[in-house]
Amino acid sequence: MRTIQLNKGFIMIPENWSELTRSQMKFALGKLAQLFNNEITPFEFQLAVLCKITGYRLKTDSRLKRHAAWLFFLFRRNAYWKYRRKRIQEKKNITFNLIRLAEQIDFAFSLEGLKITPKYLFTQNPFPKLFKHRPEFSVGLTVNTNITAKQFSECLDLVIAYRTVGDKQAKFAYLDKLIATLYKTSEKKVAMLDPIAKFGILCWFTSIVSFFKDHPVFGILFSREGDNDEDKIRLGLTETILYLKKEGYTDTAEIPIDEFFTAQVKALKDSLSKAIAAGATVDKLAAQTGLSMSIINRLT
């Protein structure tokens, strides 16, 4: 949480999704869905979330006008107008401060001009108790997960399909399949979930993908921006499976995704080292693998 000092006291601003309460998270996810559907502006999202976090309600002059007659008789004429001017100025000051504070709500996305770049940073599963199976992915000093390589691969394909398909019913079907795969349950049960919870799970899994893509080691397994498909993994699957079998794994699809990626990196390092030992040059390997020469040098 980030502390922002005010004239009187302070407020705490969340820096990632996991710092929100459950009520705040569901509210923010609902507003984010509205933002992605172009129903509200980025600032309206920020202001609404700020008001939810602080508990402050935006007031309008209508409330003051409804009580104008009562105020007029309660105070003398001059005192009434002085009081009203003071209240209007206070409202302007509060509104100005809210605008400045709302602009600091940046845990959900960043803005560059008109471009919205979502931020998916969850340190743990925000919806762990929906079904009997509870997929885990906690980020701390280390990663703790029971999401398997098979689940991750299938869900990644479903996310790509969800993003690219235009038909809404198809989108809903892909999303239900993704959740059913993660939670090891039926799509029929998933269909009964709150749409906000479904959207939240999609955001959470996207945060897992982002974690690996931005990881200093595992990130090399993903294509970079500008490639034909930036979400596809550089799998080298056969070598990885052979390596895992040598390490004693019998069912490679059921190992946790972080262990599988570790094995992939190890297999990639071994392949590059063997190629260089056989006389391959770094620039030739870079052309063949799509990896930069600096990464190849680092791996070998």
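Read-outs throughout are calculated quantities, based only on the coordinates presented, and are distinct from any laboratory measurement. Model, not experiment: these values are computed from the prediction. All Cβ positions, even for glycine, are placed from backbone atoms using ideal geometry, and neighbour counts span all protein chains on display.
Below, the figures for the structure above:
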{"item": "Order of 142, 54 - criterion: other Cβ atoms within 10 Å of each residue's Cβ, fewest first", "result": "142, 54"}
{"item": "Cα shape, segment 110-198, gyration tensor, a/c 1.5 rule", "result": "oblate"}
{"item": "Spin-label model distance (nm) - residue 283 vs residue 124, 7 Å beyond Cα toward Cβ", "result": "5.2 nm"}
{"item": "Cross-link table 150/177; 132/198; 52/198; 132/188; 168/198; 213/266, entries beyond 19 Å C-alpha to C-alpha", "result": "52/198"}
{"item": "Relative exposure of 260, 211, judged by other C-beta atoms within 10 Å (fewest first)", "result": "211, 260"}
